[in-house]
Amino acid sequence: MSETLTGRHVLSGDEPEQPEAAADIDDQPTEALAPPLAIPVPTNAPPEQVTCPECGTVAMVALTRRESTDFCATCDFPLFWTPSKVMLDTGDTAGESLRRLPGTSGRATVGSATCPHCAEGNLITAEICIRCGGLMNPPAPVPVVAAPPPPPPPPAPEPKAKTPLWVWIVGGVTLLLLVALVVYFFVTN
């Protein structure tokens, strides 16, 4: 059997070599070295009352931090994304392009009007859409005038009056008498 399989090392003896004197180990734990934080830790802000936009439940949430307890207890919506109040645009911004940047816009929601053609959000005072160029307040559509319905077809002609039954009986009896008279003349001659 191989010495490696038995646990013996070829160069050393039967047992691994032990250091003669182990270095004295400091029994006191040392503090872990940590780099300074890149961002400041948010302070404890007072919680604000927020209404869940999904189910309407009112909850208290500190909007400066994200914790697992800041979800709606009813529908599990993340309440830290919900603004505490909606603020309309005052129109003091220098450029409209600032409103079109991607990402979150902070806790202030800007009021806007959607384009009836492409559903793009525009300033409330806009007359022309910034995306498609369509009118924000298009004129009312011209009412469609329906063609008058065709006149009803003329009534069907009334059927001719039926011949009364007594006429058929009189005609039949007359025909029988005529045939009998003709037969009588041929038989008697």
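The values are calculated or read from the model by the stated rules, or taken from the named source; none is laboratory data. As the structure is a computational prediction, the values presented were derived from the model and not from experiment. FYI the Cβ positions are ideal-geometry reconstructions off the backbone, even for glycines, and counts take in every protein chain you see.
Working only within the range 130-189, note down all residues that are among the small types (Gly, Ala, Ser) and in a loop (DSSP other than H, G, I, E, B).
Those that are among the small types (Gly, Ala, Ser) and in a loop (DSSP other than H, G, I, E, B): Gly133, Gly134, Ala140, Ala146, Ala147, Ala156, Ala161.
What number of residues within the range 96-143 satisfy the criterion of being β-branched (Val, Ile, Thr), modelled with pLDDT of 60 or more and surrounded by fewer than 10 Cβ atoms within 10 Å (Cβ to Cβ)?
Counting residues in the range 96-143 that are β-branched (Val, Ile, Thr), modelled with pLDDT of 60 or more and surrounded by fewer than 10 Cβ atoms within 10 Å (Cβ to Cβ) gives 2.
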